[in-house]
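Colleague: Structure in structure tokens, see below.
Every number in this text was worked out from the coordinates using simple rules, so none of it is lab data. Since the structure is predicted, the reported quantities are computational estimates derived from the model, not experimental observations. Ideal geometry is used to build each Cβ from the backbone, glycine not excepted, and the neighbour counts take in all protein chains shown.
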Number of protein chains: 2
Amino acid sequence: MSLREKKKIETKNRIFEVSGRLVKEKGFENTTVDEITTEAGIAKGTFFNYFPTKEALLLYFVEQKDELIYNLIENETKRSIPTKEKIKNLLVRLAESYEKDKELTKLLIFEYRRYIGYSGLKPGEDKSRSHRLNKILHDLLEVGVEKREVKSHIEVKKAAEILTAVYFHSLIVWLKSESCFSFSMDISGKIDLLFEGIGD
Amino acid sequence: MSLREKKKIETKNRIFEVSGRLVKEKGFENTTVDEITTEAGIAKGTFFNYFPTKEALLLYFVEQKDELIYNLIENETKRSIPTKEKIKNLLVRLAESYEKDKELTKLLIFEYRRYIGYSGLKPGEDKSRSHRLNKILHDLLEVGVEKREVKSHIEVKKAAEILTAVYFHSLIVWLKSESCFSFSMDISGKIDLLFEGIGD
DNA sequence: CTTTAAATATGACTATGGTCATGTATGACT
DNA sequence: AGTCATACATGACCATAGTCATATTTAAAG
């Protein structure tokens, strides 16, 4: 690895490290790019050589954290248990990992939404977090149909979207609520309801 | 009405009118407060006497539009038809009203999310759009339980949240998609699925 | 070791949302 | 009508995200 590459990585890491500390201390909005660059010992412009906008930094944080979580969870989907249990386990594990630090989750999720809601529009590709979960759920449901654990005539695409929708909406509701009900319990109950159906 | 009040209303209307025009022409981000105030013939500071932030203006737009839509729809919920049909009609009507101008909807929804995702956190009260729909659906479901059209043992709260979640998520997916599938058809199918259940 | 071109760093500069001390119009009270 | 407190308007000013022409560093070629 050339000196250049080494320096590049080092600089990016320093930005990441410094900004992580500052954001945890004072929140994202209250942390200025000036502060980050000063603290990191680089010029302001340099920051924008590494992250196109201040919010891209946040995106990077979220991506890093998601990567960790999804890796931990991937194994879960490989066990041979009923489809419904698999989906429930997956979403409950996800929920639990967010429950570990509600404040941090709040920070990351809301800022992320803010950013993605906007710039996420322009490119044809949607790399949003919901897409990733949606794909996993879609695959699980397809297997479920094959195993006759999921209604064979349902549109798997719609069902996956429903599960994704419920998961993310519940996450937002939980994050916004002052009362500290359990997100994982909530999502677990909702999955039961979704598999059973609402109608009588 | 005093002269003062008249002037106040007139000024607010002028801001609303001018900014509406500019935003439609050039988008929200590309419309500056300076432009709006210049065009409206007022000083910059005056703008902030009427709207605490630039984004509050957008909030105002959305509220105005929502008011119209919900008023149109309210009657729908009063007809004596099965609960499922009522809910379906409600959401399909909502969907149809958004389908009328996808671009405008995109603009309003995404900018709104951006704003609310952030400032919507601070106050205990959540006046978000999803709350309003959630309440309506909750009420409809409760009636449905009484009429034995909805499973009596289900938690109505969870069911309402699920419907709300699916509606808004589908809206976002639709807005983001390039292909022009019908949002109202999509939501209609999903409601069938939700009432039937996913499991076999 | 020089020279050179490309990658990278730099910080003065711009654009814009938002603030605030000050000025001005309004209407209640005498 | 004249006086005064209050609500409202004003625009100079500030903070900060993001840009860009220029300077510097690196790596390769001669």
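Colleague: Which pairs break 32 Å Cα to Cα here: B:Lys26/B:Lys86; A:Lys65/A:Lys190; A:Lys190/B:Lys86?
Modeller: B:Lys26/B:Lys86
Colleague: Picking from A:Thr31, A:Thr83, A:Thr105, which is most flexible by a Gaussian network model of chain A using Cα springs under 10 Å?
Modeller: Most flexible of the set in this elastic network: A:Thr31.
Colleague: Further question on the same structure: In sequence order, what are the phi-derived ³J(HN,Hα) couplings for segment A:34-48 according to the Karplus relation 6.51 cos²θ - 1.76 cosθ + 1.60 with θ = phi - 60°, rounded to whole Hz, with x for glycine and proline?
Modeller: Working through the residues one at a time gives 4, 4, 4, 5, 4, 4, 8, x, 10, 7, 4, x, 4, 3, 6 Hz.
Colleague: Follow-up. To the nearest 20 Debye, how big is the dipole of the protein assembly as shown about its Cα centre, given +1 on the beta carbon of each Lys and Arg and -1 on that of each Asp and Glu? Don't skip to the end; give the middle numbers.
Modeller: Numbers: 70 positive and 66 negative charges, 119 e Å.
Dipole of the protein assembly as shown, to the nearest 20 debye: 580 debye.
Colleague: Right, another one. Determine the distance separating the Cα centre of segment B:34-101 from the Cα centre of segment A:81-105; give it in Å without decimals.
Modeller: 35 Å
Colleague: Then there's this: Report ³J(HN,Hα) in whole Hz for each residue of segment A:88-104, in order, from the Karplus equation J = 6.51 cos²θ - 1.76 cosθ + 1.60 where θ = phi - 60°; Gly and Pro get x.
Modeller: In residue order, the calculated couplings are 4, 4, 4, 6, 5, 4, 4, 4, 4, 5, 6, 5, 4, 9, 4, 5, 4 Hz.
Colleague: Where does helix B:54-74 land angle-wise versus the long Cα axis of chain B, in degrees 0 to 90, nearest 10?
Modeller: In chain B, helix B:54-74 runs at an angle near 40 degrees to the longest axis.
Colleague: Sticking with this one: Which far-off residues, 5 or more places away or on another chain, put their amide H under 5 Å from the one on B:Val150, with H placed in the peptide plane?
Modeller: For B:Val150, whose amide H was placed from the backbone, the distant partners under 5 Å are A:Asp200, B:Val145.
Colleague: Among B:Leu193, B:Ser170, B:Ile36, which residue has its Cα positioned farthest towards the positive end of the charge dipole of chain B, with +1 placed on the Cβ of Lys and Arg, -1 on the Cβ of Asp and Glu, and the dipole taken about the Cα centre?
Modeller: Value: B:Ile36.
Colleague: In chain B, once you exclude exposed GluC sites (Glu not before Pro) (DSSP loop, at most 16 other Cβ within 10 angstrom), what's the longest stretch remaining?
Modeller: B:30-124
Colleague: Round to the nearest 10 and give me the degree value, 0 to 90, for the angle of helix A:156-176's Cα axis relative to the longest principal axis of chain A.
Modeller: That helix lies at roughly 60 degrees to the long axis.
Colleague: For segment B:189-200, take each phi angle, set θ = phi - 60°, evaluate the Karplus expression 6.51 cos²θ - 1.76 cosθ + 1.60, and give the result in whole Hz per residue in order, putting x for glycine and proline.
Modeller: x, 5, 5, 4, 4, 5, 6, 6, x, 8, x, 9
Colleague: Is there a pair in B:Lys24/B:Lys100; A:Lys54/B:Lys44; B:Lys24/B:Lys176; A:Lys88/A:Lys158 whose C-alpha atoms are over 22 Å apart, and which pairs would that be?
Modeller: A:Lys54/B:Lys44
Colleague: Among B:Ser170, B:Ser152, B:Ser179, whose mean-square fluctuation peaks in a Gaussian network model of chain B (Cα, cutoff 10 Å)?
Modeller: Between B:Ser170, B:Ser152, B:Ser179, it is B:Ser179 that shows the largest mean-square fluctuation.
Colleague: Under the rule of -39500 (n - 2.57) per DSSP H run of 4 or more residues, summed and divided by the residues of chain A, what mean residue ellipticity at 222 nm is obtained, to the nearest 500 deg cm²/dmol?
Modeller: One gets -24500 deg cm²/dmol as the mean residue ellipticity at 222 nm.
Colleague: Something else: Among A:Leu72, A:Leu163, A:Leu58, determine the one that fluctuates most according to a GNM of chain A built with springs between C-alpha atoms less than 10 Å apart.
Modeller: Looking only at A:Leu72, A:Leu163, A:Leu58, the biggest GNM fluctuation is shown by A:Leu72.
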